[in-house]
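Inspection log for the structure reproduced underneath, given as structure tokens.
The values are calculated or read from the model by the stated rules, or taken from the named source; none is laboratory data. What you see is a predicted model; the values in this text were computed from it and never measured. Using ideal geometry, Cβ is built from the backbone for each residue, glycine included, and neighbour counts are taken over all protein chains shown.
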Amino acid sequence: MKAHATADDRQRVIHALIRETSDEDSHAEHLSTEDLAALVSGTLFKTECSRIENHLLSCHLCAELAHRIQLEFEAGVVPILLRRAASSGQGASSLSARLTRRWSPWVLGVLAAVIVLIVSMTSVVQCGNETRSLDRDLLVYLRLGTPFSRQREGKGIALPIEPGSWLQNGQPIEIGPGDWVEAIDRQGEFWRVTPDRQYVFRVGNEFSQMLAKRAWQDRNQFTSNREMDLRGNALQKEGVHIVHPRQEIYRTRPRLRWATSRSARVYYLSVVDSKDGSLQLRRQVKGLSLPWPDDVLPLRHGASYRIEIRLKSFQNQVTAAANFSVVDGKKRLEIESQLQALGKLVGRGPNILRAELLRQDGFHAECREELERLRITQTENVALLARLRLAFEELGLVDESRRMSRLIAKRR
């Protein structure tokens, strides 16, 4: 069913997404909403065709979005490009030179609908899916289309396979023509599952073996439904609490975030050095986040800090606070080296395995941020919500963890 929105709704969604994507540097690596709208409507500039096509061939996330948008709107202008990008593994070829971009109210309407899809895409059961049984345990980190899994072949509830899903040896999955699943096994090998075969498409290494081993050791933490003890050093009064930074972080210019059950026109924010009490940052902020200002010196590697939020004035009692530290320079280089190695294996965009690596290295705040980026396009992904719940638990954020539990219960 096609997405519909009033003119006001479209403007609201457009501006909301622009605000969200402008917060995250990683989104600069992907196609813009304007590119996707022009792609669907067949109004690309001739000079842009090669760039768009090459990007879709190399970027799984944008290829998936393009594929889903094509299915939703039944666009027939550039089907060859979309099919080639969706199947991947084939060389780039140029589009018709006759395509030109003609911005019109209709194209702008497509743009708004593209944004609606990106924000609220949900899985739809496809007909004609092939059923196959897996021959090993897999952790899914990427999928194209709408594959499903069942506990027993032909029986049980069909559950969508999403990034973060755990698939077991012998478990039947249903996968449609042109769809595929990419996953890592217990030995760190990278597998692709299609309707007709299951094969290693990228050989693992010592790094991926370590990542996979630790992921399976911690599997029960993601799949368990039990209530866990929530710990943290946050002072939470009047419904305000710090979301980021907390515990150990590796960025020296973090984005400061907090949440509240009661709104305030202005929040009085301070960051102080835990050792000598020196003031690092002081700002009056409207809203619930603040990028580290360019005119303020970055935080120091190996140093510890305390973030405090007050209401009404800087002289008032602290409403919320959390201690955090910045990783030392040597450890930062190590994690950056690991992230680069992972990027060569699965791409540099937001990814479940990237979040898993950050969690394993103890960067729970950065892990949560990575998961939140993924959630932009995977609002119904229960496996992702379970990982977010654990991230909030490990950060000691009681209210946020319980909110994730409620969202999971509604989707099961």
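Residue under question is L311, and the condition is that it be more than 18 Å from L211 (Cα to Cα), in contact with a Ser or Thr (Cβ under 7 Å, 6 or more places away or on another chain), of a type in the set (A, V, I, L, M) and touching a residue at least 60 places away in the same chain (Cβ under 8 Å); does it hold? The answer is yes for L311. Checked against the criterion of being modelled with pLDDT of 90 or more, within 30 Å of G188 (Cα to Cα) and in contact with a Phe, Trp or Tyr (Cβ under 9 Å, 6 or more places away or on another chain), the range 297-305 contains not a single residue that satisfies it. Does A321 qualify as being assigned to a strand (DSSP E or B) and among the hydrophobic types (A, V, I, L, M, F, W, C)? For A321, the condition - assigned to a strand (DSSP E or B) and among the hydrophobic types (A, V, I, L, M, F, W, C) - is met. When the range 335-352 is examined, which residues are found to be in a helix (DSSP H, G or I) and surrounded by fewer than 22 Cβ atoms within 10 Å (Cβ to Cβ)? Answer for the range 335-352, where residues must be in a helix (DSSP H, G or I) and surrounded by fewer than 22 Cβ atoms within 10 Å (Cβ to Cβ): I335, E336, S337, Q338, L339, Q340, A341, L342, G343, K344, L345, V346. Residues in the range 341-360 that are of a type in the set (A, V, I, L, M, F, W, C), touching a residue at least 24 places away in the same chain (Cβ under 8 Å) and over 12 Å from G164 (Cβ atoms): A341, L342, L345, V346, L357. In the range 335-348 there is no residue that is more than 28 Å from the chain's Cα centre (by Cα), at pLDDT below 95 and assigned by TED's automatic domain parsing to the domain that holds Y250. Residues of the range 180-202 that are free of Cβ contacts under 8 Å to residues at least 40 places away in the same chain and of a type in the set (D, E): E189 alone. Restricted to the range 147-186, and to residues there that are within 18 Å of I352 (Cβ to Cβ) and surrounded by fewer than 16 Cβ atoms within 10 Å (Cβ to Cβ), the residue that is modelled with the highest pLDDT is R186.
When R332, R368 are checked against the criterion of being in contact with a Phe, Trp or Tyr (Cβ under 6 Å, 6 or more places away or on another chain) and either at pLDDT 90 or above or assigned to a helix (DSSP H, G or I) (or both), R332 stands alone in meeting it. Limited to the range 296-333, what total is found for residues that are in contact with a strand residue (DSSP E or B) (Cβ under 8 Å, 6 or more places away or on another chain), within 26 Å of L358 (Cα to Cα) and exposed (fewer than 14 other Cβ atoms within 10 Å of the Cβ)? The total comes to 2.
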